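Structure, as structure tokens:
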Amino acid sequence: MKYLDLRENKNYIKIKEASDAIKKGGLVLFPTETVYGIGASGLDVRAIEKIFKAKTRAMDNPLILHISNISQVYDIAKDITDIELKLMEKFWPGPFTIILKRKDCVPNIITAGLDTVAVRMPSNKIAHELIKQVGIPIAAPSANISGRPSGTNIQDIFEELKDKVDYVIDGGDCEFGIESTVVKVENDVPIILRPGKITVEDILKVIGKVELDEHIFKVVEKDEKILSPGIKYKHYAPNTKCILVYSKDNNKMVNKINTLIKYNNSLVVCCNKNKNKYNSKNIIAIGKDKKEICKNIFKTLRKIDTYDVDLAIIEGVDKSGIGLAIMNRLIRACAYNYIEI
Ligand code: TXA
Ligand code: MG
């Protein structure tokens, strides 16, 4: 495994070596503006198999193809509608993934046999340069063992992935910290399958319509038909049992959590302004606002397991703007163990 430190050094010429590793069928850990990706050539079935193996990812969970130039979309997708094009033009490059009708050249292993393919154009400079140098789309899921919190810095994922990749590009902390918004357009209506930095409000402004997939906050029943296969798997979960508590009324939320603290050997994850309100010695302050919470969320979920407690009690946030993405990740990290009062 080779390590390339681009945290301070902006010598992007070195990225060529990593792109050569991908062209030769290797795997590369690389930063994006959302989370780190574990990437392989989007046309190399053997290399893509290695991604599934490295992550122990279920083969029926499809991957995103990452592009650096809008023209590449036409190599992999077809029958693109005006609304799809408008979304891509507005939100690319950036934390936005769109599900399009696939072309036959896209390997089945990427799409898990579906007739659609997920496409994203990242804005992160290192990701952009890497994809450009490779010259074909890069297949990349989030860099983490399946079910674990996504990686937003190299330190968090180095141990679990270092022996499984050929190249690691360290770009420091990811700017946003939560995975991209995933959207599928059906009958001209954009449906959000996974909320992210591009919000309901952002899409409404551009298209005038948007819907949320019903599974964003719901457990998938056995044998239920779903739009996004990733939804049905356990996600982001620390090993410690977690509970999410939320009330619009901050005092009510604090009181409820203080009651839970009384009866449990616990830890509290809260926003900065509440950190002195809890009767506990185990407190993790996760950030001052939703933007900071996004940036710290996966790091914090990993940190929970370093405490010797039986329960982690996590404060919720309101679901407006990027609050929807935060609550979606937290609810799943808590395995739907959620109290709203
Ligand atoms: O921000 C991101 O999107 C990061 C960075 C690395 O780009 N990637 C990422 O990939 O989060 P992954 O594989 O962890 O999540 C991709 C999600 C999964 O929930 C998957 O089921 C869904 O996108 N997906 C992929 N292809 C799909 C398709 N054809 N139809 C529906 N959902 C799809
Ligand atoms: Mg993932």
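Are any of the pairs 252/288; 10/162; 209/275; 14/78; 14/103; 10/273 more than 31 Å apart by Cα-Cα distance, and if so, which? Intermediate values should be presented prior to the final figure.
Values: 252/288 19 Å; 10/162 23 Å; 209/275 39 Å; 14/78 34 Å; 14/103 33 Å; 10/273 36 Å.
Pairs exceeding 31 Å: 209/275; 14/78; 14/103; 10/273.
Arranged by the count of other C-beta atoms within 10 angstrom, fewest first, what order do 170, 115 take?
Working: 170 19, 115 7.
Lowest to highest Cβ neighbour count: 115, 170.
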## Note on the structure
extent check for the chain: Cα max minus min per principal axis, descending, whole Å, gives 58, 46, 37
### Query
What are the semi-axes of the equivalent ellipsoid of region 1-41, taken as the square roots of 5 times the eigenvalues of the Cα gyration tensor, listed largest first and rounded to whole Å?
17, 14, 8
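Computed FRET efficiency, Cβ-Cβ of residue 89 and residue 112, R0 25 Å: what is it to the nearest 0.05?
Numbers: r = 28 Å, r/R0 = 1.10.
Approximately 0.35, to the nearest 0.05.
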### Task
May I ask you to sort 199, 81, 32 by Cβ crowding, counting other Cβ atoms within 10 Å and putting the fewest first?
81, 199, 32
### Query
Taking Cα atoms, how many degrees apart are the long axis of helix 290-304 and the longest axis of the chain, rounded to 10 and kept between 0 and 90?
80 degrees
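If the convex hull of the alpha-carbon atoms of region 1-106 is projected onto planes in all directions, what is the mean projected area in square nanometres?
Values: hull surface 31.7 nm².
Average of the hull's projected areas for region 1-106 equals 7.9 nm².
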### Query
In degrees, nearest 10, range 0 to 90: what is the angle between the Cα axis of helix 250-263 and the longest Cα principal axis of the chain?
80 degrees
### Query
If each residue's Cβ is checked for other Cβ atoms within 10 Å, how do 152, 116 rank with the fewest at the top?
116, 152
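Quote the charge dipole size of the chain about the Cα centre in Debye, to the nearest 20; the model charges only the Cβ of Lys and Arg (+1) and of Asp and Glu (-1). Mind showing how you got there, number by number?
Values: 53 positive and 44 negative charges, 150 e Å.
Computed charge dipole of the chain: roughly 720 debye.
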### Task
For region 53-67, take each phi angle, set θ = phi - 60°, evaluate the Karplus expression 6.51 cos²θ - 1.76 cosθ + 1.60, and give the result in whole Hz per residue in order, putting x for glycine and proline.
5, 4, 8, 6, 8, 5, 5, 8, 10, x, 9, 8, 9, 9, 10
### Query
Just going by the charge dipole of the chain, with Lys and Arg at +1 and Asp and Glu at -1 on Cβ, which of 105, 250, 58 is farthest out on the positive end?
250
### Query
Mind listing P(r) for region 68-162? All alpha-carbon pairs, 10 Å bins, whole percents.
14, 41, 35, 10, 0
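Each reported figure results from applying straightforward, stated rules to the coordinates on display, with no laboratory input. Being a predicted model, the structure only gives us computed values, none of them experimental. Please note: Cβ atoms are built from the backbone with ideal geometry, for glycine as well, and neighbour counts cover all protein chains shown.
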